[in-house]
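The values are calculated or read from the model by the stated rules, or taken from the named source; none is laboratory data. Fair warning: this is a prediction, and the values are worked out from it, not measured in the lab. For neighbour counting, all protein chains shown are included, and Cβ atoms are generated from backbone atoms with ideal geometry for every residue, glycine included.
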Amino acid sequence: MEQIGRLAARLRGASRVTVLTGAGVSAASGVPTFRGADGLWRQYRATDLATPDAFARDPALVWEWYGWRREKIAASRPNPAHDVLAAWTRRAPGWHVVTQNVDDLHVRAETDRLIRLHGSIWELSCWAGCGGRPKRWRDERVPLPEAVPRCPHCCGLARPAVVWFGESLDPADVAAAERATACEVFVAAGTSAIVHPAAGLLEAARSRGAFTAEVNPEATPASSSVDLTLRAPAEQVLPEIELRLIS
Ligand code: BV8
């Protein structure tokens, strides 16, 4: 694909590169995406369940969905897309990965300086915000011993420590992601480019002069505004680009 050659040429010698990833980069690891054919869980859409209202209404149902996802993710491992991106961040301090994913596969691939916008599915926090410290704690047990985990500080309900729809992102993470839009090349890989503020990062990078590319087998709302589209899976494209960069 000559687009691969074009993107490799842009990346070669670039000191600042940012790759925004979404659920599509974990698809090859067997982790269901949100809006693709496998994006449904029972008859629910992610946007029905990843909200504080859904949790307030039925914490057991939301935890059942997260428990199902935790089980899938525990059985998965980073794929070549994660491995190439991790290698890029270890090789060049100005190359960053900004992820919307909560599966921590970029963490397991040993990505340097990872900017994680929506938290981790392996972390929990107190639903009532009781103020107990630590505010969030890691629990990787699959399955969790209780259908609805409790807060160790106040014994109230515990929740997945991820950012739900209608909730604000950690300002430090947003600031780090915005700093990363000051780059020469910005690549959106495996994201439907629908969820904000993550989806706005591509436009921010463009407005700051970045060359923009999208790696996605399908078109997205971002497709019409990027400089280069690679209509193929990330786990195929990224290793092919890496081959050109190191040869
Ligand atoms: C907020 C964590 C302030 C939970 C998630 C501005 C405009 C419009 C709307 C808004 C706006 N500002 C705020 C909003 C509202 C909302 C929003 O964006 N709604 C959308 C639905 C329109 N945003 C928020 O609420 C955010 N908060 O802005 O705070 C605020 C406060 C109060 C009130 C208003 C605003 C919080 C957003 C975070 C929500 N949490 N996840 C969890 O994961 O359990 S978002 C969820 O969607 C995941 O994190 C996921 O990563 C993310 C984005 O989805 P994608 O990753 O793109 O996945 P998807 O399945 O959609 O697409 C996969 C793509 O991969 C597809 O295109 C497919 O073709 C492709 N693909 C498939 N296979 C491959 C592949 N690509 C490459 N290779 C392959 N092999």
Q: Output yes when any residue across region 86-93 is within 15 Å of the chain's Cα centre (by Cα), closer than 27 Å to Leu238 by Cβ and charged (D, E, K, R), and no when none is.
A: no
Q: Determine if region 140-147 includes at least one residue that is acidic (Asp, Glu), out of contact with any Asp or Glu (no Cβ under 8 Å at 6 or more places or on another chain) and touching a residue at least 24 places away in the same chain (Cβ under 8 Å).
A: yes
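For residues that are out of contact with any helix residue (DSSP H, G or I) (no Cβ under 6 Å at 6 or more places or on another chain) and more than 10 Å from the ligand (Cβ to nearest atom), scanning just region 229-244, find the one that is nearest to Ala189 (Cα to Cα). Lay out the reasoning, then the answer.
Pass one, region 229-244, residues out of contact with any helix residue (DSSP H, G or I) (no Cβ under 6 Å at 6 or more places or on another chain): 229, 231-233, 236-237, 243.
Add one more test, that the residue is more than 10 Å from the ligand (Cβ to nearest atom), and what stays is 229, 243.
Numbers: Thr229: 10, Leu243: 18 Å.
The selected residue is Thr229.
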Q: Identify all residues within region 7-50 that are part of a helix (DSSP H, G or I), at pLDDT 95 or above and surrounded by fewer than 16 Cβ atoms within 10 Å (Cβ to Cβ); write none if there are none.
A: Ala9
Q) Among the residues of region 51-64, which ones are assigned to a helix (DSSP H, G or I) and either of a type outside the set (A, V, I, L, M, F, W, C) or on the phi > 0 side of the Ramachandran plot (or both)? A) Pro52, Asp53, Arg57, Pro59, Glu64
Q. Can you tell me which residue in region 34-76 is nearest to the chain's Cα centre (by Cα), limited to those that are under 21 Å from Glu214 (Cβ atoms) and touching a residue at least 60 places away in the same chain (Cβ under 8 Å)?
A. Phe34
(Q) The conditions are (1) assigned to a loop (DSSP other than H, G, I, E, B); (2) touching a Cys at 6+ places or on another chain (Cβ under 9 Å), and Gly166 fails exactly one of them. Which is it? (A) (2)
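Only one of Ala176, Ala205 is out of contact with any helix residue (DSSP H, G or I) (no Cβ under 9 Å at 6 or more places or on another chain), over 24 Å from Arg35 (Cα atoms) and surrounded by 22 or more Cβ atoms within 10 Å (Cβ to Cβ). Can you tell me which?
Ala205
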(Q) Can you confirm whether Asp173 is assigned to a helix (DSSP H, G or I), within 23 Å of Thr51 (Cα to Cα) and modelled with pLDDT of 95 or more? (A) yes
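Taking Leu105, is it away from the ligand (no atom under 11 Å from the Cβ), under 17 Å from Ala213 (Cβ atoms) and in contact (Cβ under 8 Å) with a residue 24 or more places away in the chain? Steps first, please.
Working: away from the ligand (no atom under 11 Å from the Cβ): yes; under 17 Å from Ala213 (Cβ atoms): no; in contact (Cβ under 8 Å) with a residue 24 or more places away in the chain: yes.
It is false that Leu105 is away from the ligand (no atom under 11 Å from the Cβ), under 17 Å from Ala213 (Cβ atoms) and in contact (Cβ under 8 Å) with a residue 24 or more places away in the chain.
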